[in-house]
Every structure is written in structure tokens, then in C-alpha cells.
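Nothing in this text is a laboratory measurement; each read-out follows from the coordinates by a stated rule. Predicted model only: the values in this text are computed from it and were never measured. Every residue, glycine as well, gets a Cβ built from its backbone with ideal geometry; the counts of neighbours run over all protein chains shown.
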Amino acid sequence: MKNLLKATIAALLLIIAAPVTSSAQTKATPAAVAHFDLDSLLNVMPDFKKASEEAATYYKMLEAQLVKMQGELDMKMNEYDSLQKTWSPLIKGLKEKEIVDLQQNMQTFQVSAQSEFSNKRAELLKPIYEKIRNAAKAVAARRGYKYVIDSSKSSAIVIFASPADDIFMDMLKELGITLPAPTTPAPGGAPSPAPGAGK
């Protein structure tokens, strides 16, 4: 009876232990993940600077049109306030309609302008992000990484990133970007760390 109980317990232990052993043997190895600071990379890309300037120019053009419309509205409202007592009901009604129509046009323009600006900015940034994506693919393939993530502070995703897996400098090289030489620090001072370093 004792031997039968021991055999039963041993069999149960083997059944319980089998999945654990199997699980330990098939445990996946850590994925090869690289990272770089996308914000820092964009800040040193000439293409991004040019796109930002073009987007800003486009925004100013839309803003100037809105300011012009606002000026026209202010003028019509001032005219209405100062002359409405001298107008006939017909003229007064026409002037009121002009003001209402202009206000509605401004609201429509604001919504349209915001959409146009977003589309323009996306259009300007698309080839830049495509270039970055292709560079990341090339660096990852060369260095044996399976994944590349954005470790910039604004991404708010990465909690820790090992400096050993930071491919920021590789990305610069792949994109043909040369950083300016660091300035000589003042006595007692320390030079600023390179973008993407210390992650």
C-alpha cells in the first residue's frame, strides 16, 4: 500500500513538473530591441527644419487671411454701430445680414484652415518620416535588431533604455547628417551631452 502511494505521488509530481520543465525549455529569448531619440534626430535634420519653415509660412498665410477677414468684420460692425439710426429698415437688415454672413464665413474658414494646415504639415513630414523609417530598417538589419523604438521623452512610452542599444549615431550616419563640433566648455563647466546620449 505504501509503495502504491509513493508511486502515485511520484506520478503526480511528474505530471505537474512536466509543463514547468517544458515551459522553461521553450522560454523565448529576449527580443533584440534598439532605440533612438526621435525628437533629437528631427532637431538635427535639415529636411525637418526646412519642412517646419514651410509649414510656418503656410500657417502665416492662412493667419493673414483670417486677420483680413476680422478687419473687414470690425469695420462693418463699427459702421453698423455708428450709422444704424440713420438707415432705413431695409438697409439696416442688409447690413445685419452682411455681418452675420461674414461671421459665418470666418468660422468656416477657421475650420477649413486648420484642416488645410494639418494636411500640409503631414504632406511635408511624410517623406521625412519615410526616410527615418528606411534608415532605421537599414541600421537594424546591419546590427541585428528586430525592433527599433522611439526613446524620446515626448513619446512617454519607454521607461528605461540601455545606452548600449542606442542607435542614434548610427541613424545620423545612415542619414548622412554630421553634427557640429561641440563648443569648448567654460572653466568648471561640462559640455552638453550629444543628442540621444544618456538614454
Checklist entry - log10 I(q)/I(0), Debye, Cα-only the range 29-175, no solvent, q = 0.15 Å⁻¹? => result -0.85
Checklist outcome for this item: Along the range 100-115, Karplus-curve 3J(HN,Hα) (6.51, -1.76, 1.60; θ = phi - 60°) to the nearest Hz, with x for Gly and Pro, reads 4, 4, 5, 4, 5, 4, 5, 5, 5, 5, 4, 5, 5, 5, 4, 5
Next on the checklist: Show me the chymotrypsin sites (Phe, Trp or Tyr not before Pro) within the range 31-123 that DSSP assigns to loop and that have at most 16 other Cβ atoms within 10 Å of their Cβ.
Outcome noted: Trp87
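If Lys and Arg each add +1 and Asp and Glu each add -1, what is the summed charge of the other residues whose beta carbon sits under 15 Å from the beta carbon of Thr57?
Values: positive: Lys49, Lys50, Lys60, Lys120, Arg121; negative: Glu53, Glu54, Glu63, Glu116, Glu123.
Overall, the nearby charge balance is 0.
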Next on the checklist: For Cα pairs less than 8 Å apart in space and 6+ apart in sequence, what is the mean separation divided by the residue count of the range 29-175, i.e. the relative contact order in percent?
Outcome noted: 52 percent
Item to check | Using θ = phi - 60° and Karplus 6.51 cos²θ - 1.76 cosθ + 1.60, couplings along the range 68-78 (whole Hz; Gly, Pro as x) | outcome: 4, 5, 5, x, 5, 5, 4, 5, 5, 5, 5
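So how do Leu41, Leu90, Leu66 line up by other beta-carbon neighbours within 10 Å, fewest first?
Listing Leu41, Leu90, Leu66 from fewest to most nearby Cβ atoms yields Leu90, Leu66, Leu41.
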